[in-house]
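The values are calculated or read from the model by the stated rules, or taken from the named source; none is laboratory data. Remember, predicted model here, so these are calculated numbers, not experimental data. Here Cβ is always computed from backbone atoms with ideal geometry, including for glycine, and neighbour counts include all displayed protein chains. The accessibility values were calculated without ligands, DNA or RNA, using every heavy atom of the protein model including side chains. Shrake-Rupley method; radii C 1.70, N 1.55, O 1.52, S 1.80 Å.
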Amino acid sequence: MHFTCRSFIGKSGSKSWCQYWENEPDDPLLFGQRGHLFGLVALESGADDAKLIGHRLINDLNQNYFQDSTASVSDQLKNTVTQVLAGLPPTTTIHSLVLVVVHRDRVFLQLNEGGSLAIIRHGAISEALRLPADAHWKQVSGQATPEDRLLLMTANFYQRLTWEKIKEIVTDASLSTIEENTLSILNSLDNPDLVGASLVELHQDEDLVVTPPPIPAPPLPVPKKKIILPKITIPKLTLPSLPKLPSRETPVFVESHQSPQVSRRQRLNLIVGFLLLVGLTLSIAVGFKKNKAAKAEAQYQKLQTTITKTLSDAFAIKNLNLDTAKQLGQQSEGLLNQMKALKTTTHQAEISQFQGQIQSLLTQTGGNDPTESSWYDTSLIVDHPQYSQIYFFNNVLYLVDTASGRIDELATGEKSTRLFSQGNGLKIITKLLLSNDKIYGVTATNIVAIDKAQTTPVLSLSAVTDAALWNGTLYLLDHTANTIDKVTPNNVGFGSPANWLKDNQKMPANPTSIAINGKVWVLSGDGTLTPFLRGVKDKYQPTQVIKATKAHNLVTGINTDLIAFLDDDSTIYVFKKDGQTVAKFSLDDKKISGLALDEGTNTIYALCSDEKIYKISI
């Protein structure tokens with residue numbers, strides 16, 4: 001299974017801390033034993049070190065749980081929590097510890113010291129686990145169903161929001177609506193200390209998980225054969241005695257001839273000798289071949305161990321350092337080439353598996369071009385196309401050609417096309433804003449409504465760097481004034497722009513692009529991402545810092561935690577909302593004009609200067 005997660009954490013004091021996390025091992029064998037771990041913790045400390053103790057607690061829980069052992073999932077989870085909690089400082093108080101493990105098609109739930117856990121199935125919510133007043137821990141397990149939602153709650157979250165209010169909020173079908181309503185309530189609380197929750201939605205994988213083949217045992221040593229030639233006994237020939245010669249006076253004539261028996265024995269000896277020579281030659285050849293195969297197998301096993309470790313290290317470090325992961329992937333590729341040179345015929349499946357893992361790693365770290373061939377050639381729409389912008393909405397790609405002033409639709413399913421609009425007013429469009437009702441265009445001085453044959457100004461602008469549309473409301477990025485303006489719709493179009501940022505809120509340096517998926521994300525030219533929620537800068541800690549040179553074209557979606565942007569015109573970066581690094585795609589010599597993100601299939605469509613569209617699966 002795979003998962004969609006939303007966390008709701010209130011602001012903590014210096015002596016208290018609340019945090020949600022999730023983890024799974026990179027080792028597929030260990031993942032098959034232990035599954036995917038989710039956790040929510042709320043604690044207090046007698047000193048100002050609650051955050052440090054909390055991070056140490058999460059690290060110890062991850063390391064101890066994902067150990068290779070013969071214990072069952074439930075026993076491993078119970079033993080891990082008991083061992084880690086016993087090692088906490090005496091001044092630390094655990095208010096809530098909620099743990100969930102999804103293992104294949106089962107889910108294991110455990111509470112310690114406090115907290116609650118609810119399950120939402122088919123729009124109905126029920127309390128799956130709540131700790132009795134006289135108990136310190138409790139564990140249950142059951143069948144996991146795709147599209148189930150699991151709500152992990154601290155004790156303070158359950159008490160402050162109340163069960164009736166929680167049921168009203170989390171049964172909404174839209175995760176974005178749940179997130180917006182919950183965060184709104186958290187921000188309105190006088191003291192949100194130790195108030196936290198997390199919503200996890202389960203999804204069924206399309207492909208079955210392939211269990212890696214077992215590591216073959218090392219070959220048995222080939223014993224050296226001592227070749228013993230059979231002893232050939234050549235029979236002693238006995239010549240018949242000659243008759244006594246008569247005296248010279250009487251001449252005798254003797255005819256020269258051999259015995260037939262002697263001739264047959266000589267031929268037999270020659271045949272036996274030849275057969276022994278052939279047998280000796282074959283024996284030497286077979287022994288040499290076996291010895292060569294044994295050496296190749298030993299070398300293969302050594303390479304197999306090295307590649308396995310190198311790939312494991314690469315996938316572990318990818319979230320922290322893309323360049324190091326790329327170097328490890330290239331080392332693995334060199335080792336794989338040595339493995340292929342052995343020309344072994346018994347390990348082709350494992351070699352193919354290594355090949356796939358290495359290509360995936362290099363593609364996600366910028367080592368390989370992810371586009372083997374184009375997905376669509378826009379010259380099929382119009383002769384000599386000059387499209388420079390691409391957008392995705394409701395399974396349709398919108399292509400903008402400002403040179404000729406036209407917008408075309410391209411359905412991603414059947415690849416059918418349709419002219420949406422054409423006119424001179426489209427030649428100055430810098431960005432499209434798509435909604436279910438209307439399509440708007442951004443120019444240097446106006447926001448215009450676009451229909452089949454014309455563009456109609458609906459809002460005058462003084463300066464705008466980028467714009468985004470969210471639930472009918474416009475958000476305008478102005479890098480000259482270093483602010484974000486909000487423009488609400490009215491019965492004639494839009495009202496007047498108003499500063500959306502709260503007092504004392506500072507914008508990041510050199511903002512270039514804006515996108516919204518529940519939070520307003522601002523992209524800076526150096527690749528820095530800054531989220532804002534309700535006009536206030538929100539927490540965001542990336543796992544690694546990249547050094548972009550010209551970051552722009554930020555894209556995301558309503559129901560996805562993926563965020564992607566373009567650096568210069570050849571590199572695509574993909575991150576998650578929680579700061580994890582997903583991938584870095586480099587398209588070699590292709591110059592990228594624009595990006596579009598299909599959040600339903602986690603697919604990026606890249607429009608390049610060769611007027612072809614390339615499809616990249618994340």
Scan segment 141-167 for residues that are open to solvent by 50 Å² or more (accessible area, probe 1.4 Å) and touching a helix residue (DSSP H, G or I) at 6+ places or on another chain (Cβ under 9 Å) and report the count.
3
Tell me, which strands (runs of 3 or more DSSP E) wholly within segment 523-618 include 2 or more residues that are aromatic (Phe, Trp, Tyr) and crowded, with 16+ Cβ neighbours inside 10 Å?
571-576
Taking the condition outside any loop (DSSP other than H, G, I, E, B) and under 30 Å from the mean Cα position of the chain (by Cα), does Thr512 pass?
yes
Please determine, by comparing only the residues of segment 347-360 that are without any contact (Cβ under 8 Å) to a residue 24 or more places away in the chain and more than 15 Å from Thr306 (Cβ to Cβ), which one is most open to solvent (accessible area, probe 1.4 Å).
Gln348
Is it the case that segment 113-120 has a residue that's of a type in the set (Gly, Ala, Ser), over 31 Å from the mean Cα position of the chain (by Cα) and surrounded by fewer than 18 Cβ atoms within 10 Å (Cβ to Cβ)?
no
Residues located in segment 49-80, provided they are closer than 18 Å to Ser141 by Cα and surrounded by 21 or more Cβ atoms within 10 Å (Cβ to Cβ)
Tyr65, Leu77, Thr80
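This table checks each residue for (1) surrounded by fewer than 17 Cβ atoms within 10 Å (Cβ to Cβ); (2) touching a Gly at 6+ places or on another chain (Cβ under 9 Å); (3) not in a loop (DSSP other than H, G, I, E, B).
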{"residue": "Pro370", "(1), (2), (3)": "no, no, no"}
{"residue": "Pro385", "(1), (2), (3)": "no, no, no"}
{"residue": "Tyr398", "(1), (2), (3)": "no, no, yes"}
{"residue": "Ala403", "(1), (2), (3)": "yes, no, no"}
{"residue": "Lys415", "(1), (2), (3)": "yes, no, no"}
{"residue": "Arg418", "(1), (2), (3)": "yes, no, yes"}
Which of the residues spanning segment 586-618 are more than 24 Å from Gln386 (Cα to Cα) and among the hydrophobic types (A, V, I, L, M, F, W, C)?
Ile618
Does any residue of segment 133-156 turn out to be part of a strand (DSSP E or B), touching a Ser or Thr at 6+ places or on another chain (Cβ under 9 Å), of a type in the set (A, V, I, L, M, F, W, C) and at pLDDT below 90?
yes
Which of (1) in contact with a His (Cβ under 7 Å, 6 or more places away or on another chain); (2) at pLDDT 95 or above; (3) more than 30 Å from Ser379 (Cβ to Cβ) is the odd one out, the single condition Thr465 does not satisfy?
(2)
List every residue pair whose Cβ atoms sit under 8 Å apart, with the two residues 6 or more apart in sequence or on different chains, where the first one lies in segment 374-401 and is more than 14 Å from Lys431 (Cα to Cα) and the second, anywhere, is among the hydrophobic types (A, V, I, L, M, F, W, C) and in a loop (DSSP other than H, G, I, E, B).
Gln386/Ala403
Out of the residues in segment 121-140 that are touching a strand residue (DSSP E or B) at 6+ places or on another chain (Cβ under 6 Å) and over 15 Å from Ile166 (Cβ atoms), state the one that is least open to solvent (accessible area, probe 1.4 Å).
Leu131
Selection within segment 25-48 - surrounded by fewer than 18 Cβ atoms within 10 Å (Cβ to Cβ) and touching a residue at least 24 places away in the same chain (Cβ under 8 Å)
Asp26, Asp27, Pro28, Leu29, Leu30, Gly32, Gly46, Ala47, Asp48
Filter result for Ala498 (in contact with a Lys or Arg (Cβ under 7 Å, 6 or more places away or on another chain) and either open to solvent by less than 20 Å² (accessible area, probe 1.4 Å) or over 22 Å from Asp561 (Cβ atoms) (or both)):
yes
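Each row is one residue, and each column tells you yes or no for (1) in contact with a His (Cβ under 7 Å, 6 or more places away or on another chain); (2) assigned to a helix (DSSP H, G or I); (3) farther than 30 Å from Lys576 by Cα.
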site	(1), (2), (3)
Leu280	no, yes, yes
Glu297	no, yes, yes
Thr308	no, yes, no
Ala316	no, yes, no
Asn319	no, no, no
Leu328	no, yes, no
Leu335	no, yes, yes
Unmet criterion (only one of (1) under 30 Å from Thr324 (Cα atoms); (2) out of contact with any Phe, Trp or Tyr (no Cβ under 8 Å at 6 or more places or on another chain)) for Ser374
(2)
Residue identified as in contact with a Lys or Arg (Cβ under 6 Å, 6 or more places away or on another chain) and over 26 Å from Lys326 (Cα atoms) among Val536, Val522
Val536
